[in-house]
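*Asks:* Supplied in structure tokens, the structure appears directly below.
Derivation of every value follows stated rules applied to the coordinates shown; laboratory data play no part. Only a predicted model underlies this, so the values are computations on that prediction, with no experimental measurement involved. Here the Cβ is made from the backbone with ideal geometry for all residues, glycine too, and neighbour counts use every protein chain on show.
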């Protein structure tokens, strides 16, 4: 893509997220559910999406309904602004869901242990790059029209 931009070549290269952005394909995964169905492990742990996060108040509620403590605000290696929460040790120690929540539930039983930790991105930093440039081209009406003919074009 850098080569295309540098040499002013009018070319289109799709990315693997094209169909997820195009409304025409919104039912694609359900239509072909046998091929794309996500397998859920029987003993899977709670993920960040199972926690209720309120960005306005900077509060977090665990799947058991307990408010967990705000620890700090910081940045990750990509300069995304994140907030970090941690369950109080006594909360996690006595929780009936700790085996589904914590990677090591026994750590909540020790005095020096920690409760469940979870973080959320408040502000995602994103630098525009050549992939974004191509994505805008392909997602335009003209780009979709050109892309729809890609299988009928014969190379020389």
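*Asks:* Using Cβ counts within 10 Å as a stand-in for footprinting exposure, how do 138, 5, 121 rank, fewest first?
*Replies:* Numbers: 138 19, 5 12, 121 15.
Least to most surrounded, the residues fall as 5, 121, 138.
*Asks:* Sticking with this one: Sort 77-83, 63-69 for me by packing, meaning the mean count of neighbouring Cβ atoms within 10 Å per residue, highest on top. Write out the running numbers ahead of the final one.
*Replies:* Numbers: 77-83: 13.0, 63-69: 15.1.
Descending packing order for the listed peptides: 63-69, 77-83.
*Asks:* Moving on. State, to one decimal in nm, how far the label point of residue 77 lies from the label point of residue 22, with both points 7 Å from Cα in the Cβ direction.
*Replies:* Placing both labels 7 Å along Cα→Cβ, they lie 3.4 nm apart.
*Asks:* Also, quick follow-up: Treat the count of other C-beta atoms within 10 Å as a stand-in for reagent exposure and order 47, 75 from fewest to most. Display every interim value, and only then the final one.
*Replies:* Values: 47 10, 75 13.
Placing the least packed residue first, the sequence is 47, 75.
*Asks:* Where does each of 59, 103 land when they are ranked from fewest to most other beta-carbon atoms within 10 angstrom?
*Replies:* 103, 59
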